[in-house]
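Heads up: the structure comes next, in structure tokens.
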Amino acid sequence: MTLASRFLARLLELPPADTHDVAVERDLEVPMPDGIKLLADRYAPRHGGKLPTILVRSPYGRRGIFGLQYGRLFAERGFQVLVQSVRGTFGSGGQLDPFRNEKADGLATIEWMKQQDWFSGEFAMHGASYLGLVQWALARDAGPGLKALVAHETASEFRSQTYAGGAYSLDTTLSWVHLVRNQEKTGLQASLTRLGAARKLKPLFRHLPLNEVDALATGERVPFFQDWLEHGAPEDPWWNAADFSGSRSELTAPVHLIGGWYDIFLPWQVSDYTALQRAGRAPYLTIGPWTHVSPEGFVVAARESLVWLKAHLKGDRSQLREAPVRVFVMGANTWRDFSEWPPPGIQTRRWHLQPGRGLSQATPATSGPDRYRYDPAAPTPSLGGALLTREAGARDNRELESRSDVLTYTSAPLEKDLEVIGPVQAELFVRSSLPHTDFFARLCDVEPSGRSINLCDGLLRLVPGKPSAGPDGTLRITIDLWPTAHRFLAGHRIRLQVSSGAHPRFARNPGTGEPLATAKTLVPADQAVFHDPAHPSALLLPVMG
């Protein structure tokens, strides 16, 4: 494995190894209070003694590239690493019930580590996505032995991502269900399943009712997928067992949060940073131009994790940057350091929707609304953006924008560069023929060639009475587009898209108010977007300088 580790270390641009003589103990049995045993592999320099430990808890296995990336590479650089398979995965006992057992199982694992003669008494955690959620699950109650966390592309609670804007994240949830239900296959069967995943799932995203698609995708009914569909109401207490956001202000271990502008967890990861900052902690935040599965994100996360863990487990702060916030500014294609997020000096500028599909800072003139029809039987498709799959990221939106159910509002070419860094919002005055409907907004950079590149977006699901209508029947809604950092270059144009869906990223709104799991009837919605002095719909941009 040393040849593989050397190759991967070079690819990740890691510093030289302290040693390549690493001992591996396989399938250690870690008992849980209910009698279930979870399996773990321990990596350690053969002659390193009681080095600090990195605990990695994962549903994705312990061997192959995973064990190499999270286990051997860090053991070669002076740590012990315990890589554990969570309940119900890769030989660990019990059934996988995502998120809900991770606090108890994680704390039991810490108690087991304390009893091992190789444990020094100090440990840290790192990892991405689910491997980040398990860190939040135990962080508050882990005790003084927990010295640091590095959470990549994740959040302290997953309910908000599952129901982003109030709409179900169909693409992400079904893709993940298909992944975890097939990941332990081996050989040719495993390769064929991975290669055929996108083709298999594509027609299933259109299937109704949604409570049948898990069985169609995997061959069996998946209990936790059914739970997610059934517990969609805001503030549903079912999610409390998987929500660790309430513990953020009590966390004492230093935290480095690493995310991507097109990552599925970005807004809630930024919320975690803000909560830690308000609690008087000193979190670090790094955001790059990545999707959830971008190789570039893994490279930076590996390097930053090693720096953070060395600083807080070994006292080596020589490579730790001074500025706590570092973000990649797209368009300018450069990294920028700040003292906090959002950066100081940001000014919110209102770019108003104009008659004739314009966009400018001027107050709109008197005009009638723009109209379109959203038909859930032929839903407005998702294109790029924050997806779990490789279809995520920046895309040319011109074909999408040519649809009759997508409105676009575009500025004149900019006379000089405009740098936007921070949270973005769309404040719209709208009217719908249905009380149950969605509105989706997306910010794009239109190049002189006409290419329209998506930067950030968001969706809001409306239900009767929320928000309440004005005297003329219009609704004033605010859509939180995701944070971004982008420089619009001189000659480029700013564009706002408005539509009523992005399927299958978000499950389509059937328009009937039926339960998400069983809805089958689809009703079109006639939509209107207003832009006049009494209804000054606007794009709100956080402008630097």
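Here the range 166-175 is the region considered, the condition is being surrounded by 19 or more Cβ atoms within 10 Å (Cβ to Cβ) and in contact with a Leu (Cβ under 8 Å, 6 or more places away or on another chain), and the residue that is nearest to Gly511 (Cα to Cα) is Ala167. Is it true that Leu149 is in contact (Cβ under 8 Å) with a residue 12 or more places away in the chain, among the hydrophobic types (A, V, I, L, M, F, W, C), in contact with a Lys or Arg (Cβ under 8 Å, 6 or more places away or on another chain) and not assigned by TED's automatic domain parsing to the domain that holds Ser85? Answer is no for this residue.
Scanning the range 238-268 for residues that are touching a His at 6+ places or on another chain (Cβ under 9 Å) and assigned to a helix (DSSP H, G or I) gives Trp238, Trp239.
Which members of the range 23-64 meet the condition of being touching a Ser or Thr at 6+ places or on another chain (Cβ under 8 Å) and of a type in the set (A, V, I, L, M, F, W, C)? The answer is Val30, Ile36, Leu38, Leu39, Ala40, Leu51, Leu55.
Only one of the numbered conditions (1) touching an Asp or Glu at 6+ places or on another chain (Cβ under 7 Å); (2) part of a helix (DSSP H, G or I); (3) not acidic (Asp, Glu) is violated by Trp290, and that is (2). From the list Glu76, Glu111, Glu102, which residue is without any contact (Cβ under 8 Å) to a residue 12 or more places away in the chain and at negative phi? Sole residue among the options that is without any contact (Cβ under 8 Å) to a residue 12 or more places away in the chain and at negative phi: Glu111. As an exercise: evaluate Arg100 against (1) within 30 Å of Gln226 (Cβ to Cβ); (2) in contact with a Leu (Cβ under 8 Å, 6 or more places away or on another chain) and give the number of the one condition it does not meet. Just one mismatch for Arg100, condition (2).
Within the range 298-313, can you find the residues that are among the small types (Gly, Ala, Ser) and either surrounded by fewer than 20 Cβ atoms within 10 Å (Cβ to Cβ) or more than 13 Å from Leu257 (Cα to Cα) (or both)?
Within the range 298-313, just Ala311 meets the criteria.
Residues that are surrounded by fewer than 18 Cβ atoms within 10 Å (Cβ to Cβ), closer than 19 Å to Asp370 by Cα and modelled with pLDDT of 95 or more: does the range 480-494 have at least one? Checked against the condition, which is being surrounded by fewer than 18 Cβ atoms within 10 Å (Cβ to Cβ), closer than 19 Å to Asp370 by Cα and modelled with pLDDT of 95 or more, the range 480-494 yields no hits at all. Of Pro45, Pro98, all but one fail to be crowded, with 16+ Cβ neighbours inside 10 Å and touching an Asp or Glu at 6+ places or on another chain (Cβ under 7 Å); the exception is Pro45.
Condition (residue is in contact (Cβ under 8 Å) with a residue 12 or more places away in the chain, among the basic types (Lys, Arg), surrounded by 23 or more Cβ atoms within 10 Å (Cβ to Cβ) and within 21 Å of Glu401 (Cα to Cα)) applied to the range 447-463: is it met by at least one residue? Within the range 447-463 (the criterion being in contact (Cβ under 8 Å) with a residue 12 or more places away in the chain, among the basic types (Lys, Arg), surrounded by 23 or more Cβ atoms within 10 Å (Cβ to Cβ) and within 21 Å of Glu401 (Cα to Cα)), the answer is no, since none of the residues qualifies.
Which of the following residues is in contact with a strand residue (DSSP E or B) (Cβ under 6 Å, 6 or more places away or on another chain), β-branched (Val, Ile, Thr), touching a residue at least 60 places away in the same chain (Cβ under 8 Å) and surrounded by fewer than 17 Cβ atoms within 10 Å (Cβ to Cβ): Thr366, Thr380?
The unique qualifying residue is Thr366.
Among the residues of the range 357-374, the one identified as assigned to a loop (DSSP other than H, G, I, E, B) and either among the aromatic types (Phe, Trp, Tyr) or in contact with a His (Cβ under 6 Å, 6 or more places away or on another chain) (or both) is Pro364.
Residues that are within 19 Å of Trp482 (Cβ to Cβ) and not polar (S, T, N, Q) were ranked within the range 271-282; the one that is farthest from the chain's Cα centre (by Cα) is Ala275. Restricting attention to the range 474-493, which residues are in contact with a strand residue (DSSP E or B) (Cβ under 6 Å, 6 or more places away or on another chain) and assigned to a loop (DSSP other than H, G, I, E, B)? Passing the criteria: Thr474, His492.
The values are calculated or read from the model by the stated rules, or taken from the named source; none is laboratory data. It should be emphasised that the depicted structure is a prediction, and the values quoted were computed from it without experimental measurement. Here the Cβ is made from the backbone with ideal geometry for all residues, glycine too, and neighbour counts use every protein chain on show.
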